[in-house]
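Engineer: Let me begin by handing over the structure; questions about it come next.
The values are calculated or read from the model by the stated rules, or taken from the named source; none is laboratory data. Only a predicted model underlies this, so the values are computations on that prediction, with no experimental measurement involved. Positions of Cβ are generated from backbone atoms using ideal geometry, with glycine treated the same way; all protein chains shown enter the neighbour counts. To get the accessible areas, we keep the full protein, side chains included, count just its heavy atoms, and leave off ligands, DNA and RNA. Shrake-Rupley method; radii C 1.70, N 1.55, O 1.52, S 1.80 Å.
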Amino acid sequence: MSNTISQSLVAALRTAAHSFAAGDQSAPCAVLWPDPDSMWEGVVEELRQDLPELFCLGDYAPDSRTGPALWLRCIEARNVEGATAEGITPIFYLPGVSKDSLRSAEDCPQPLAALIELQYRGVMWLNANRKEWTPHSFLVAQNGGLGLEVPRDHATLDALAGALPVVINEPLSKLKGRRLDAEFFHGLVAPDATGLLLRWLSDPEAFKQQLSSSEWKAFCEQCKAEFSFDPIKDGPLAAAKRLAERNSAWANAWARFQESPANYRGIVKWLNQAAPLNPGMFDSPEVWPSINESQELQLQHALEALRDRPQVEAIRMVIDLEERHCARRDYPWHKLGLSPLAAALRPLAELAVLCQNVPGAPTSDAYAQSYADEGWRVDAAALATMEGCDSPHVHAALLGTLRSIYLPWLDATSRHLQQLIHTEGQATTKRGKIIESAAGRVIIFADGLRMDVAHQLSERLGAKEMECSQDWEWSAIPSVTATAKPAASPIADIIQGGEASDEFSARLVSTGQVLTHDRFKSALKSRSWQFLGPDETGDPAGWAWTEAGTLDKRGHTEGWKLARSVGAEVRDLVSRISSLLQAGWSEIIIVTDHGWLLMPLGLPKVELKAFLAETRWSRCAALKPDAQTDGTVFKWYWNPSVMMASPPGAGSFRAGIEYSHGGISLQEMVTPVLRITSANPSGGLSRLLEAKWTGAKCRVSVGGNCDAVRVDVRTSLSDPTTSLLVDRQARETTPDGNVTLFLEEDSDIGTQANVVLLDSSGQVIHSLPTSIGQ
């Protein structure tokens, strides 16, 4: 990326001029830059220095490359002096002109009429939503913009407008990772004493070196006048003490620091040096990072002491610790990442409150319903706590306490469900019918989609304005994929069980063969179900089955650290759902086979004699026909004559298992069913038709509605940072659906990747696997 905003803006305008398929299309005759509110007008003069092909609509002044619409047409035709050379596309900046004002000859103002035709032979510089670029949208946009953090409040937008001629020359390296709010922009235009003081205290030597002698003198005089403080005589240590005291003008300085501490990280060092050696009762962790650090250490020791303590004691102590430490999340040290345990304490305290009571119910269905309604929140709080354990000292302090609180609740609810199901006939009955085929219906099988994770998914879908409803269904016994996946599928009526030695694998009724993955696909296809690969979208005129997600695989590999991966899994599912809806599917049903138990430091070990079982996993075992056991047993879903042993409560037949499924618990057995419907089903949707490589160049053809769609080449479908294109920027197609892409590095030739089609929001709506350069 370019060094400054100005250079990035120039690069973006020139990229627009080159967004065409060489060999298939003609270069645009001009780039039209509409700016209805004239927001960019103050920086056009400076841009001209780096952009000699830039011309401005206005009164006739050819020496400053400005003129009326007819003169711009002459520039485009290259029949007046000052026009660009052949091969260089002119860029026409149009202040006060919107893209809509050029749409039709009837409504177009007469002074602009000469430009109407250029929109068809040229190209408009617009953002991914087909709107005019504003300074704010260019700064914040991830696609085509700079991806900076700029709030959208009125104060910030007004400050940005005034600071634009200054900020446009700021190095991007100074802007990345900072919150560019009204204070920041005001500080660029008219630096205030408070902001300058904080910048100086953050790095006194570097600050002084950046100023001229006159500027340094002026700064010192400002400090004397407004803060009664002399940077030369008093120094940074005295400044840190006064900042912590927060008296008079220093209170405003503290408020500024507290709002954006990341902009002044160096102040922490001086506050640590200025802190009292023996803090008194009035010395607060709010202003002294060393006291906050001391309280973090106290919290760490208190949490570590709760490992293996009785649940009642652990719950009481965690709630007490939350009351004592929650305020520290409002201090600046939290924003700087210096209070990780105080931050992680929030979901742990929520877990403690939720685990104070163990729910019950008279029937298994009623118990499952209560879990689907509210009980899943316990698992969500536990998962959030584990997700927050992002460093060794944090998870060393939290995981033992989490186990002390969560495991007894998990064990008690599991035992109650096991008792209910055993009493009701040692089996459960599916609530719904087999999902039938219907035009426009696609089933997504998400392996291991637990109820709390499904709620995360539902929230994300709702945020993207997708209509989603959620229900629940029983998993099969045992809750393992070999049994439960076919039970959740449209071919459940042609499946049967075999013997105890089959390791709970189902069989086809017609042949008696074990249901392998290939036979499962064949059985679906025999009923006209399309089986879609991970990147395929199929034919929405029919019906389809597809599989997505790696939650179960990750869980078996990562143990409790699965919690850190759940967010990425949910994002990938949202992307897959979006692509299917964009492809024209009108209804998506998400089903799963089972949930799971997740317990740091392992589920409790339960003994089962080896001679009793044909096969034994951590959460279930197929008993031999004549086996006698004191444990609770249940009937295999596919063959009730085969009995399954499940460890009591949240136990495991194997030691050291943190992630497992197959047993009888609310988490494993009560599975989500989500239904998503398309708000605007339509035909003519965008699809990738072809991608042809010639060395490092790829010509891509897109069919359907090509308005505002863009094309990228990525090694990871949903991650734009894996783009292999020049500038890592997706390219917009021409109106007829063609675009030519160029690799950033020739060394990528031979790499396996995906050509991806993006909608106006940057969501992947279709993809094609490709071998780069072949």
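Engineer: Against the longest principal axis of the chain, how steep is helix 311-325, in degrees 0 to 90 to the nearest 10, with axes from Cα atoms?
Structural biologist: Computed tilt is about 10 degrees.
Engineer: Based on the alpha carbon coordinates of region 361-425, what radius of gyration and maximum Cα-Cα distance (Dmax) apply, in Å?
Structural biologist: Both quantities, over Cα of region 361-425: 14.9, 47 Å.
Engineer: Would you mind classifying region 670-772 by shape? Square roots of the alpha carbon gyration tensor eigenvalues, ordered a ≥ b ≥ c; an a/c under 1.5 is rounded, otherwise it is prolate if a/b is larger than b/c and oblate if not.
Structural biologist: oblate
Engineer: Tell me, what ³J(HN,Hα) does each residue in region 634-643 have, in order and in whole Hz, if you take phi through Karplus 6.51 cos²θ - 1.76 cosθ + 1.60 with θ = phi - 60° and put x for Gly and Pro?
Structural biologist: Per-residue couplings from phi come out as 9, 8, 5, 4, 8, 7, x, 7, 8, 9 Hz.
Engineer: Compute the angle between helix 154-167 and the longest alpha-carbon principal axis of the chain, please, reported from 0 to 90 degrees and rounded to the nearest 10.
Structural biologist: So the helix axis and the longest Cα principal axis differ by about 50 degrees.
Engineer: Using modelled amide H (1.01 Å from N, peptide plane; none on Pro or chain starts), what sits under 5 Å from the amide H of LEU54, excluding residues fewer than 5 places away?
Structural biologist: The list, which skips near neighbours in sequence, is ILE91.
Engineer: Skipping prolines and chain starts, which residues have an amide H placed within reach, meaning under 5 Å, of the one on ALA506, given they are 5 or more residues away or on another chain?
Structural biologist: Amide H neighbours of ALA506, under 5 Å, 5+ apart: LEU515.
Engineer: Let me ask another. With bins 10 Å wide starting at 0, give me the P(r) of region 29-89 over every alpha carbon pair, in whole percents.
Structural biologist: For region 29-89, the pair-distance distribution reads 21, 60, 19, 0.
Engineer: Using C-alpha positions alone, give me the convex hull volume of region 552-668 per residue in cubic angstrom.
Structural biologist: Here the figure is 124 Å³ per residue.
Engineer: How large is the Kirkwood hydrodynamic radius of region 453-550, in angstrom, based on all distinct alpha carbon pairs?
Structural biologist: Every distinct Cα pair counted, the radius reaches 15.5 Å.
Engineer: Along the charge dipole of the chain, Cβ charges K/R +1 and D/E -1, which of SER104, GLY533, ALA193 sits furthest on the positive end?
Structural biologist: Farthest towards the positive pole: GLY533.
Engineer: Right, here's the next one. Please list, ordered by chain and number, the residues whose modelled amide H lies under 5 Å from the amide H of THR751; skip anything fewer than 5 residues away on the same chain.
Structural biologist: Those qualifying (amide H under 5 Å, at least 5 residues apart or on another chain) are ILE772.
Engineer: Across every pair of different alpha-carbon atoms, what Kirkwood hydrodynamic radius in Å does region 1-114 reach?
Structural biologist: It is 14.9 Å.
Engineer: Still on this model: With the calculation restricted to Cα positions, what are the radius of gyration and Dmax of the chain in angstrom?
Structural biologist: Gyration radius and largest Cα-Cα distance of the chain: 32.1, 100 Å.
Engineer: Moving to a separate point now. Using a 1.4 angstrom probe, figure out how much accessible area region 669-774 has per residue, in square angstrom, rounded to the nearest whole.
Structural biologist: Heavy-atom accessible area per residue stands at 42 Å².
Engineer: Place +1 on the Cβ of every Lys and Arg and -1 on the Cβ of every Asp and Glu in region 72-223, take the dipole about the Cα centre, and give the residue among ILE75, LEU157, GLY144 whose Cα lies farthest towards its positive end.
Structural biologist: Towards the positive end, the residue furthest out is GLY144.
Engineer: Given the alpha-carbon gyration tensor of region 719-762, what are the semi-axes of its equivalent ellipsoid in whole angstrom, ordered largest first, with each equal to the square root of 5 times an eigenvalue?
Structural biologist: The three semi-axes for region 719-762 are 19, 13, 10 Å.
Engineer: Scan the chain and hand back the longest stretch that contains none of the chymotrypsin sites (Phe, Trp or Tyr not before Pro) lying in DSSP loops with at most 12 other Cβ atoms within 10 Å.
Structural biologist: No qualifying site falls inside 283-774, the longest such stretch.
Engineer: Using the alpha carbons of region 157-216, what is the convex hull volume per residue in cubic angstrom, as a whole number?
Structural biologist: 101
Engineer: First compute the accessible area of region 219-341 with a 1.4 Å probe, then give the percent of it belonging to carbon and sulfur atoms.
Structural biologist: 50
Engineer: Once the convex hull of the C-alpha atoms of region 615-710 is built, how many Å³ does it hold per residue, rounded to a whole number?
Structural biologist: Considering the Cα atoms of region 615-710, their hull volume per residue is 271 Å³.
Engineer: Taking a probe of 1.4 Å, how large is the accessible area per residue of region 182-292, in Å²?
Structural biologist: Here the residues of region 182-292 average 51 Å² of exposed surface.
Engineer: Test of understanding: express the Cα radius of gyration of region 484-596 as a ratio to 2.2 N^0.38 Å, with N the residue count.
Structural biologist: 1.20
Engineer: How large is Rg/Rh for region 356-481, to two decimals, with Cα atoms and a Kirkwood Rh?
Structural biologist: 1.01
Engineer: Using the alpha-carbon atoms, what tilt in degrees (0 to 90, nearest 10) does helix 213-227 show relative to the longest principal axis of the chain?
Structural biologist: 60
Engineer: With every protein chain present, what is the per residue accessible area of region 1-157 (1.4 Å probe, Å²)?
Structural biologist: Per residue, region 1-157 has 47 Å² of solvent-accessible surface.
Engineer: Related question: Any idea what Rg and Dmax come out to for region 148-251 if you just take the C-alpha atoms, in Å?
Structural biologist: That works out to 14.9, 41 Å for Rg and Dmax.
Engineer: First compute the accessible area of region 1-152 with a 1.4 Å probe, then give the percent of it belonging to carbon and sulfur atoms.
Structural biologist: 48
Engineer: Right, something else. Taking the Cα centre of the chain as origin, work out the dipole magnitude from +1 charges on Lys and Arg Cβ and -1 charges on Asp and Glu Cβ, in debye rounded to 20.
Structural biologist: It comes to approximately 1440 debye.
Engineer: Sticking with this one: Tally up the carbon and sulfur contribution to the accessible surface of region 598-673 as a whole percent, 1.4 Å probe, everything protein left in place.
Structural biologist: 51
Engineer: On average over all directions, what projected area in square nanometres does region 229-329 have, based on the convex hull of its Cα atoms?
Structural biologist: For region 229-329, the mean projected area of the Cα convex hull comes to 7.9 nm².
Engineer: Using the Cβ atoms and a cut-off under 13 Å, what net charge is assigned to the surroundings of LEU47, where Lys and Arg are +1 and Asp and Glu are -1?
Structural biologist: Result for the neighbourhood of LEU47: -3.
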